[in-house]
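K.L.:
Provided herewith is a single structure, encoded as structure tokens, for subsequent inquiry.
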Amino acid sequence: MFKSRIGIVALILGVLFSIAGGRLFQLQVIRYDKYRQLSERDKDGGSQKLIPASRAAITTREGDILGEDRPFFDISIRVDRLKLEGVTLDEIKRAREAAKSLDERKRQAEQFIARLKDERFVIRLADALKYDRIDLAHGVFTAMDNVARKWASLSSTQTIAQGVGEDVWLQLKATHEDGFHNGVLLYGRDAAKISDLTEPPFPGLVCTLSTRRVYPRGTFACSVLGCVNDMTEPEESQLRQYGVLLESFDARTKAWTATRDKLTSTQASTLAELFGDDPREIDDLGHLYRLMMKLRPDERETVARMGMAEQLKWIQRPPRLKLNDSEMLWLGVGLPMSAARNSLGNRTIGEMGVERFYNEQLRGKHTLRFSEAEYHDFSMPVSYQNEVEPRSEKPLVLTISNAWQEAAEVALQSQERPGGIIVMDINDGSVLAMASNPVFDPNVFTPPRTGAKRQEQLAVLANDPNKPLLNRTIDGEYALGSIMKSIVMAVALERGQLTPDETFQCPGFIKEGGQIFHCDGNHAHGTVNVYKCLRCSCNVMSHQVGARVGVENLGPFAKLIFGKKTGIDLPFEKNGIYPDRDYRIKTTQQGKSVRPWTRGNDFQLAIGQGEMNSTVIQATVLMAAMANGGNVVTPRIRLEAPTNAPVSLGLSARSLNIVRQGLDECVNTGTPGERGTCYTAFHSNGELPVRVAGKTSTAEHKKGAVPHAWFAGYFPAENPRYAFAVMLEEAGHGGAVAGPVAYKMLREFYGTKTSPKAQTAVAGN
Amino acid sequence: MADTFRAQPSSVIRLPHVDVILLISVGLVALLSIIYVTSAAQNLPGGGASYGTKQAAYVGIGLLIFVAIQRVHYMTILRFAPQLYAGIVALLIGVFFTRPIKGAHCWYDLYFFKFEPSELAKPVLIITLAYYLMYRDSYKTLKGLIAPFVLATIPLLLILKQPYLGGAMAFAPVILVMLFVAGAKLWHLALTCFAGASAFIVMFFTTMRSFQQDRINAWLNPQQHQHGAAWQQLLSQTAIGSGGLFGKGLGQASQNLPEKHTDFIFAVVAEEGGFITAGLLLALVFIAAISGLGIAARTREPAGRLIAVGCVTIFCSQVLINTCVTMGLIPTTGLTLPFVSYGGSSMIGSFILLALLVNIGSKREVVLAKEDFS
Ligand SMILES: [Zn+2]
């Protein structure tokens, strides 16, 4: 019986192996042709195809286009169809194998490019495309080299020239009409068609429609818009690994490692319970994100109390880029071994400005499509066959107003110093103008950043000592100077440490702790009250009032604005510095004692100097708070961005009215001897049809350096609607330099009383 | 029991009897493995050669273990069956307390090597079943089937829970076949079969549900991409079909098939080597299986023949499941191709099974059992 049962087992095995063998025969022999075709098509991306979507446009609040994708043509080749006279693929392969060092490889590449440059194919194609010959040779070499190192297959199409204009392409197409089928499509791909020609004009050439970011207005609003770039290789590999691109991945990984190592074992075990994984063993940031995303709100609170508040903030902001299902499948994300070398056709990603902050909203969502006919008889549940069309998002509408932005830029660029201007709605925080000087042309950054000319432009921008890429309104920290007086006075009044009637005597200087503090130019202001203090910017009185309040009592008010990000929806915003005890502890080296705070430091803080630092947007928010009844608004640049409920400074209307009176006098009191510091700037040319209030500031920041010039305020003074701030780096007196820039901006917008400008679309109306 | 074979030392044949056909066919399969792993891994970081070398090293380690096992009489190993069984259950439970790798508790990370206890569980389970069945008749009653069934089910459920569906699926037939050749009644087996299938279906759906839950808040975790597996199978089917009769040649496989050096290595063999190579591979496996069954048929000692049958069955069921997955006949389970797929655990586990089989074939001295079980 045993043997007979073994016999039965052998028989069953025989049957099963025959089935397997039969299936193998069916696939490989009977259906060979079909699968061979499918396999060929897969190589060209024929049966699975990523349908690209273009990046959404960016417009001003009036709907004027600031940035959009426009059609351009990419020229690609298939290396197996390429016909060259001299250089061969084998040669490149051999050279690659022979090369011993990276330098040698570079030398070889240069030699090959030099030879390719003189190939008839390259010469004629460069001529036809009006393309740089060396750049084109470089493209051809890279394509061949990719095949040589097996990064691409012989039959894959590889781009050799990007961004060819439509006119150029149409001309090329018209000259060689025979070589095409389907209009713009795949020149030279159909071997049967081109073999009819005695000499195919450009064998192996493939042309594909692509898009390219264009900023039609050049430098206009460049610091808001930012720019785009191709993803870097680390970014792309991160995307392939996780399906998302996280903001500042490396820095955060480092920060996480530090936090993790500080956890006590009790904390760790509590966290382990919440996470379901021991936090001390999480090395992978993506894994941490995943675990944190799963937490309920109450669990998040517990986690925040464990010193992981920072980490929780990371997951509030969406990642820079998050792939959809189609894209993940295409790239093989999460499949254990994605050997696929598929690439996202469009690797554009926002690098700065709104292009970066709103990258995920702006980028087109690609769709993967399978050709149904070829796969439906496999009876496999492939449900991606009829997915929706690739999706381009709606244009991103900014709060930037055309007329205001223009006015701000004209005014700012009318003088030489680097600086920044912001105009903002005092109630909802929408930014109507944000300009930084000097400017750059974002078109220069749009990929491809290749070609000698482009490289030169980029180098000029990168090496410019004036740093045109810096958005000085949010990314630069400056000594704030006398603008600080407005909040110091308001808080002193609120706390009852100062009354509007109280007077101080100003001899032009005051001694404290062996130091002499001066009013501007040692000018003696005589008898000074709070109005005159703000109007004429008396330091002597401010010092004393500031010392009465003190850094820690001012803190609860000032720290709502200073020393923290305003939360504007732009990347790279700086915190600025409010130098209270917390800050000093944080910046003191471990083991050393915290620097003591002296009365002299209070003196400095009262006039916004010493360690205190502010951004232009913070100064704008301060002025908005003075004007809108003491509410700190969150500035925003996207029209549809959610408005955060403003935070109240807790200042009474009485205190604020007194300060506003002072700020009004600063611009509008012209009595000789009592003249406001910004009177001249606003009243010596044409009178504006709008009454402005504000505070000048001449902020010394470095011994011997020219001070930063500021002027920040709001208008209309009687019924405020907009706040603004002007800052010019090392430009001199606030009243003499920054004031006139603000005046010029307002005149650009409103005209003068005698010749007002008809502003049809006043922002916010 | 140990005394049973010492009773007749005079009948011991000292010349080891080695099944040459079995060794040659398995050897050829391992050779094919090194060649095609090298080719399949050519675009992976580190390059194909490093994978090929490692795979050759695994074959080497496997051979060492093979030789070591030949020096011990399989009856000696059999004596430790209860301890081995307890050990493997402990290992299978212990793996749940390690950090999950790729979301599954399948491996012990030994830093230089990821050790998979489920690979070791295969031979141990076979030995345990043989140990239990060898001198008993109880399996001829339905009640008597419960014990071996429970013995086998405990580690199986643990493997299924890891989750390692493929491993559990490949082992299920072994229990049936071993009981079958031992002489269990057919209708009893049919009943067991039915019970097992229902249990499996319940398990399968509970495991599936937890995957679904994972997906909800896991935008970062597309591992369980619902269509990824089906798509992978389409790719592998296309790859196999496009290989044709003679194949595309070494290193010419399409680039887009995931896991092609491990679970989908058969697709690479078929695409690059064509029907002649892939067919040869299947034929070699079949020849090895038949000679393995031959060993079982020649062995008179009851435990030995059961172990031999068990080894052949697990080997064949793995090969059949794996190749049918790559050819799109059954859904993806995640199972390696023994002796072919890249990986140390799989290769060493396979060699242990082979070593047991050859060990039994070479020791023909004990003829204490009745000619037949009946
Ligand atoms: Zn003074």
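K.L.:
Please determine, by comparing only the residues of region B:99-134 that are hydroxyl-bearing (Ser, Thr, Tyr) and over 25 Å from B:Gln55 (Cβ atoms), which one is modelled with the highest pLDDT.
P.N.:
Checking each candidate, the answer is B:Thr128.
K.L.:
Residue check: is A:Glu552 in a helix (DSSP H, G or I), surrounded by fewer than 23 Cβ atoms within 10 Å (Cβ to Cβ), more than 10 Å from the ligand (Cβ to nearest atom) and of a type in the set (D, E, K, R)?
P.N.:
yes
K.L.:
While we're on this one: For a quick check of your reading of the model, give me the residue pairs whose first member lies in region A:444-466 and is modelled with pLDDT under 85, whose second is of a type in the set (A, V, I, L, M, F, W, C), with beta-carbon atoms closer than 8 Å and at least 6 apart or on different chains.
P.N.:
Within 8 Å, the pairs are A:Pro447/A:Val228; A:Arg449/A:Leu458; A:Ala452/A:Ile134; A:Arg454/A:Val444.
K.L.:
Looking at A:Val594, A:Val667, which one is of a type in the set (Val, Ile, Thr) and in contact with a strand residue (DSSP E or B) (Cβ under 9 Å, 6 or more places away or on another chain)?
P.N.:
Unique residue meeting the criteria: A:Val667.
K.L.:
Follow-up. If I go through region A:483-527 residue by residue, how many of them are on the phi > 0 side of the Ramachandran plot and either within 14 Å of chain B (Cβ to nearest Cβ) or away from the ligand (no atom under 16 Å from the Cβ) (or both)?
P.N.:
Residues meeting the conditions: 3.
K.L.:
With the requirement that a residue be facing chain B (nearest Cβ under 10 Å) and modelled with pLDDT of 65 or more, what does region A:333-345 give you?
P.N.:
A:Val333
K.L.:
Take B:Ala308 and decide whether it is in contact with a Ser or Thr (Cβ under 9 Å, 6 or more places away or on another chain), farther than 20 Å from B:Leu235 by Cα, surrounded by 23 or more Cβ atoms within 10 Å (Cβ to Cβ) and aliphatic (A, V, I, L, M).
P.N.:
yes
K.L.:
Which pairs turn up if I take residues in region A:536-551 that are more than 14 Å from chain B (Cβ to nearest Cβ) and look for partners that are within 15 Å of the ligand (Cβ to nearest atom) and among the polar types (S, T, N, Q) with beta carbon separation below 7 Å, at least 6 apart in sequence or on another chain?
P.N.:
Sorted first by the residue in region A:536-551, then by its partner, the pairs are A:Cys536/A:Thr677; A:Ser537/A:Ser482; A:Ser537/A:Thr677; A:Ser537/A:Thr696.
K.L.:
Give the residues of region A:85-116 that are charged (D, E, K, R) and open to solvent by 60 Å² or more (accessible area, probe 1.4 Å), sorted by residue number.
P.N.:
Listed by number, the residues that qualify are A:Glu85, A:Asp90, A:Lys93, A:Arg94, A:Glu97, A:Lys100, A:Asp103, A:Arg105, A:Lys106, A:Arg107, A:Glu110, A:Arg115.
K.L.:
Give the residue, chosen from A:Asp178, A:Asp127, that is within 24 Å of A:Ala452 (Cα to Cα) and at pLDDT below 85.
P.N.:
Going through A:Asp178, A:Asp127 in turn, just one is within 24 Å of A:Ala452 (Cα to Cα) and at pLDDT below 85: A:Asp127.
K.L.:
If you check A:Phe557 against the conditions, is it assigned to a loop (DSSP other than H, G, I, E, B), under 33 Å from the mean Cα position of the chain (by Cα) and away from the ligand (no atom under 16 Å from the Cβ)?
P.N.:
Criteria not met by A:Phe557.
K.L.:
For region A:530-549, how many residues meet the condition of being within 12 Å of the ligand (Cβ to nearest atom) and open to solvent by 10 Å² or more (accessible area, probe 1.4 Å)?
P.N.:
6
The values are calculated or read from the model by the stated rules, or taken from the named source; none is laboratory data. Quick caveat: nothing in here was measured; it's all calculated off a predicted structure. Glycine gets a Cβ as well: all are built from the backbone with ideal geometry, and neighbour counts include every protein chain shown. Note: areas computed on protein heavy atoms with side chains; ligands, DNA, RNA excluded. Shrake-Rupley method; radii C 1.70, N 1.55, O 1.52, S 1.80 Å.
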